[in-house]
1. Spot the failing condition for ALA295; the list is (1) surrounded by 10 or more Cβ atoms within 10 Å (Cβ to Cβ); (2) on the phi > 0 side of the Ramachandran plot, and only one is missed.
2. Filter the stretch 230-253 for residues that are assigned to a helix (DSSP H, G or I) and without any contact (Cβ under 8 Å) to a residue 12 or more places away in the chain and give the result.
3. Are any residues in the stretch 109-165 more than 12 Å from the ligand (Cβ to nearest atom), closer than 16 Å to VAL247 by Cβ and outside any strand (DSSP E or B), and if so, which ones?
4. Could we say that GLU75 is of a type in the set (D, E, K, R) and either under 24 Å from VAL184 (Cβ atoms) or away from the ligand (no atom under 12 Å from the Cβ) (or both) here?
5. Quick one: in the stretch 24-43, of everything that is within 23 Å of LEU233 (Cα to Cα) and within 13 Å of the ligand (Cβ to nearest atom), which residue is surrounded by the most Cβ atoms within 10 Å (Cβ to Cβ)?
6. Just checking, how many residues over the stretch 194-212 are within 16 Å of the ligand (Cβ to nearest atom) and surrounded by 13 or more Cβ atoms within 10 Å (Cβ to Cβ)?
7. Which pairs have Cβ atoms under 9 Å, sit 6 or more apart or on different chains, and link a residue in the stretch 12-39 that is among the hydroxyl-bearing types (Ser, Thr, Tyr) to one that is away from the ligand (no atom under 13 Å from the Cβ) and in a loop (DSSP other than H, G, I, E, B)?
8. Which of the residues spanning the stretch 1-23 are out of contact with any helix residue (DSSP H, G or I) (no Cβ under 9 Å at 6 or more places or on another chain) and buried (at least 24 other Cβ atoms within 10 Å of the Cβ)?
Amino acid sequence: MIASQIWLITGASSGFGRLVAETVLENGGIAIATLRNPDALSDLASRYPPSKLSVLKLDVRNADEIRDAFAQAKELFGRIDVVFNNAGFTLMSEAESASEDVARELFDVNFWGAVNVSREAVRFFREVNNPQGGRLLQASSAGGIESLSALPYYCASKHALEGFTEGLAAELRPEWNIKVTSIVLGSYHTNAGPNMKRPPPHPAYIDADTQQPTARLHLYTKPAAYPEAAAHLICKIAELQDPPLRVPLGQDAVETLRRKGQSLLETAEEYHAWSENVPLMSIEEFLSKLKQQTAGAATVN
Ligand code: NAP
């Protein structure tokens with residue numbers, strides 16, 4: 001099935017982006033590999049003809065480059081079956097250690113970049129593909145389900161992507177045949193480590209005795225998995241007839257989903273009684289109050 005698919009991949013210079021591009025090509029598919037520096041894929045480009053691999057410049061912070069990449073894909077291949085929304089980086093920093101600028105840059109890539117690619121992908125699947133349809137795969141993270149110390153901004157960016165993806169999936173009309181899946185990745189050995197931004201820790205977070213930034217230490221004790229197997233599983237998701245909204249990839253990611261689910265359930269059970277006596281307004285009363293508040297403009301737009 002991959003053999004008949006055309007993939008557009010963001011952040012294809014290394015890690016999952018490159019591995020998924022290689023897996024698609026090895027299985028006979030077509031890869032539109034997008035990245036900030038196209039030279040980084042010159043070795044792969046020398047091994048495949050342009051009819052199989054197209055390497056395009058795309059910085060996901062640039063909305064014009066996103067539109068151009070999709071326009072070039074249309075010109076070259078006429079359709080895109082799968083978009084792997086993968087570009088991203090990690091910011092290791094306590095909440096108080098990062099400047100607002102670096103935190104906003106993280107969101108520009110991990111959230112707004114992924115959002116703008118998602119919007120273009122959905123439009124393309126609906127308005128360009130004939131027959132309509134396509135698969136959008138988001139590179140999410142266990143950090144998008146459960147936040148960890150020293151990663152509050154990174155986890156927030158992936159939580160934001162999770163929230164956006166769930167809302168997007170809920171509003172797509174079934175007849176468009178567009179399937180969206182958030183891939184909850186665990187910890188893998190890619191270039192994410194060297195590409196990570198690490199502002200120096202705020203002095204308050206350095207232990208006086210050990211001189212260590214304690215909130216960061218757990219990140220150096222986590223085992224990482226081999227990403228090649230995960231790249232194959234990412235391709236497998238695009239082959240599922242009815243892919244789920246969320247797929248955990250990695251034993252740690254599975255554990256995160258279990259732990260988070262369990263903890264939410266326990267909290268609901270512990271506090272449900274607090275809400276039982278909160279009176280519910282009828283829909284008529286709610287709409288009437290809304291109408292008063294909005295001076296007669298209470299229509300659903
Ligand atoms: P990686 O090897 O560092 O790859 C990240 C890719 O994103 C690189 O190709 C990088 O390109 C690209 N990128 C960064 N900023 C970009 C921008 N503004 N525009 C376009 N591309 C940009 O790391 P990876 O592990 O494969 O990460 C891929 C995705 O998986 C990320 O979204 C990451 O958050 C997610 N993830 C990874 C892990 C993990 O443990 N590895 C866990 C959970 C989630 P350049 O070469 O130009 O910098």
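1. Failed condition: (1).
2. Taking the stretch 230-253 first, the residues assigned to a helix (DSSP H, G or I) are 230-237, 251-253.
Matches in the stretch 230-253: LYS236 only.
3. Passing the criteria: only THR165.
4. Details: of a type in the set (D, E, K, R): yes; either under 24 Å from VAL184 (Cβ atoms) or away from the ligand (no atom under 12 Å from the Cβ) (or both): yes.
The answer is yes for GLU75.
5. Looking only at the stretch 24-43, we keep the residues that are within 23 Å of LEU233 (Cα to Cα), and these are 24-35, 41.
Now restrict to residues that are within 13 Å of the ligand (Cβ to nearest atom): 33-35, 41.
Numbers: ALA33: 30, THR34: 34, LEU35: 24, LEU41: 22.
Ranking the qualifying residues of the stretch 24-43, first place goes to THR34.
6. Here is the first cut: in the stretch 194-212, the ones within 16 Å of the ligand (Cβ to nearest atom) are 194-198.
From the residues that got through so far, the ones that are surrounded by 13 or more Cβ atoms within 10 Å (Cβ to Cβ) too are 195-198.
Residues that pass the stated criteria total 4.
7. Partner pairs satisfying both residue conditions: THR23/GLY29.
8. Selection gives GLY17 alone.
Readers should treat all values here as calculations from the given coordinates under stated rules, not as data from a laboratory. Since the structure is predicted, the reported quantities are computational estimates derived from the model, not experimental observations. Note that we place each Cβ from the backbone using ideal geometry, even for glycine, and neighbour counts take in every protein chain shown.
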